[in-house]
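Since the structure comes first, as structure tokens, the remarks are kept for the end.
The values are calculated or read from the model by the stated rules, or taken from the named source; none is laboratory data. Predicted model, so just to flag it, every value in this text is computed and none were measured. All Cβ positions, glycine included, derive from the backbone under ideal geometry; neighbour counts span all protein chains shown.
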Amino acid sequence: MTTPSVASDAGALLGVYARVGPLFVAGEGSELIAEDGARYLDFVAGIAVNALGYNNPIFREAVTRALDTGLVHVSNLYRTEPGERLAAELTKRFAGQVFFCNSGAEANEGAFKFARKWSGKTDIVAFSGSFHGRLFASLAATDRPDYRRPFEPLLAGVQIIPLGDEEAATRAITRERTAAVIIEPVQGEGGVRPVANEFLMFLRKLCDETGAALIFDEVQCGLGRTGTMFAAEQTGVVPDMYTLAKPLGGGLPMGAVLLNDTIAAALAPGDHATTFGGGPFVASVALDVVSAIADPDFLADVRAKGEWLGGALTALASRRARVREARGRGLMWGLELNEIAAPIVAAARERHLLVLTAGPTVIRIVPPLTVTREELERGVAILDEVLA
């Protein structure tokens with residue numbers, strides 16, 4: 001009997017991903033290690049998931065302690081300590097209650113249901129450039145026609161309107177029909193676009209006037225990515241719900257909806273559920289991850305590195321004609337090109353730097369939050385070389 005080759009093993013996976021690059025077998029700090037021992041500086045971080053990088057002692061010790069309890073899963077029929085402690089930690093920063101799930105798409109689907117139950121209304125308003133997931137309601141609120149088209153009809157009553165257009169928002173968000181308005185304070189898949197504070201403030205006022213729930217999707221931009229625990233903290237605008245995921249479990253699958261007390265009071269046992277969400281193993285690890293990210297010194301370090309990175313990328317954009325603009329916050333940045341970004345991403349990978357796209361013409365840079373200044377300098381130098 002022969003041992004299956006890597007190629008034949010890969011062929012067993014459903015072909016819904018266009019995987020590229022080498023076979024990765026290990027990780028250390030901000031680097032991924034391929035099967036041939038080559039190291040790649042990783043400015044993708046599992047698509048903004050691996051906030052603490054690879055093989056971080058905080059994560060390793062959290063996993064070991066969680067395993068030592070013997071509790072990996074017991075279902076939500078019973079109480080366990082880790083999920084309750086994690087919920088209490090999150091609600092220190094956003095008063096209300098927490099629903100745990102397994103992904104960002106699930107968090108957004110749950111938030112839509114909660115808004116409908118609370119408001120008694122049906123419609124959802126989202127914005128151009130948005131990405132909220134690939135399930136039926138979250139996909140309906142995602143502005144990616146190529147993703148949507150094969151699966152239509154999607155959820156009815158979802159409108160996608162121009163980002164930043166106050167007149168369009170006033171027409172779309174109504175007292176009679178609108179249950180929720182969902183927006184990313186910093187758009188991720190849509191091109192790394194920070195939303196103007198004034199527009200978020202306008203939406204807060206409009207939602208108050210119409211009785212709609214304001215949902216901030218911080219699946220990608222939240223939990224320290226922009227230098228504050230929530231990206232919206234920098235705007236002064238408080239939503240009715242946050243949706244979180246990506247870095248929450250430190251690489252383990254976990255999502256969450258944070259609801260204010262008013263919306264939470266409208267929910268009763270049986271209104272929503274999940275088999276795995278908030279299980280003791282994942283929640284125990286997530287508690288240590290969240291505590292590490294929430295440390296004021298950690299966040300200050302992210303802001304300092306983000307300020308340097310923003311300055312370096314802005315300078316790069318000014319001297320390279322192929323780059324139209326650099327934009328972002330903290331350690332979440334995009335380079336808008338005057339051409340398709342995929343070949344640049346491939347060229348960077350050949351030089352052992354991993355970056356990704358955010359739409360057809362944007363290079364997205366989301367390194368681990370633990371990345372060093374030297375690693376940032378090395379990554380920007382490689383990008384500069386590729387774009388020269």
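Figures for the structure shown
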item	result
Residue check, residue 138 of a type in the set (Ser, Thr, Tyr), under 20 Å from residue 243 (Cβ atoms), out of contact with any Lys or Arg (no Cβ under 9 Å at 6 or more places or on another chain) and free of Cβ contacts under 8 Å to residues at least 40 places away in the same chain	yes
Segment 160-188, residues that are under 18 Å from residue 144 (Cα atoms), surrounded by 23 or more Cβ atoms within 10 Å (Cβ to Cβ) and either polar (S, T, N, Q) or out of contact with any helix residue (DSSP H, G or I) (no Cβ under 8 Å at 6 or more places or on another chain) (or both)	184, 187
Boolean, residue 164 is in a loop (DSSP other than H, G, I, E, B) and either under 24 Å from the mean Cα position of the chain (by Cα) or among the basic types (Lys, Arg) (or both)	yes
Strands (runs of 3 or more DSSP E) wholly inside segment 212-307 that include at least 2 residues being buried (at least 24 other Cβ atoms within 10 Å of the Cβ), of a type outside the set (A, V, I, L, M, F, W, C) and in contact (Cβ under 8 Å) with a residue 24 or more places away in the chain	241-244
Considering residues of segment 95-115 that are part of a loop (DSSP other than H, G, I, E, B) and modelled with pLDDT of 95 or more only, the residue farthest from residue 274 (Cα to Cα)	96
Test: residue 98 is of a type in the set (Val, Ile, Thr), closer than 30 Å to residue 267 by Cα and exposed (fewer than 13 other Cβ atoms within 10 Å of the Cβ)	no
Conditions (1) closer than 26 Å to residue 36 by Cβ; (2) free of Cβ contacts under 8 Å to residues at least 60 places away in the same chain; (3) surrounded by fewer than 18 Cβ atoms within 10 Å (Cβ to Cβ); number of the one not met by residue 378	(2)
Subset tally (residues that are outside any loop (DSSP other than H, G, I, E, B), hydroxyl-bearing (Ser, Thr, Tyr) and buried (at least 19 other Cβ atoms within 10 Å of the Cβ)) for segment 116-152	2
Residue ID - nearest to residue 201 (Cα to Cα), chosen from residues in segment 159-176 that are in contact (Cβ under 8 Å) with a residue 40 or more places away in the chain and among the small types (Gly, Ala, Ser)	169
Qualifying positions in segment 43-86 - more than 30 Å from residue 353 (Cβ to Cβ) and within 19 Å of the chain's Cα centre (by Cα)	86
Only listed residue being surrounded by fewer than 21 Cβ atoms within 10 Å (Cβ to Cβ), closer than 17 Å to residue 305 by Cα, hydroxyl-bearing (Ser, Thr, Tyr) and touching a residue at least 12 places away in the same chain (Cβ under 8 Å), chosen from 357, 372, 361	372
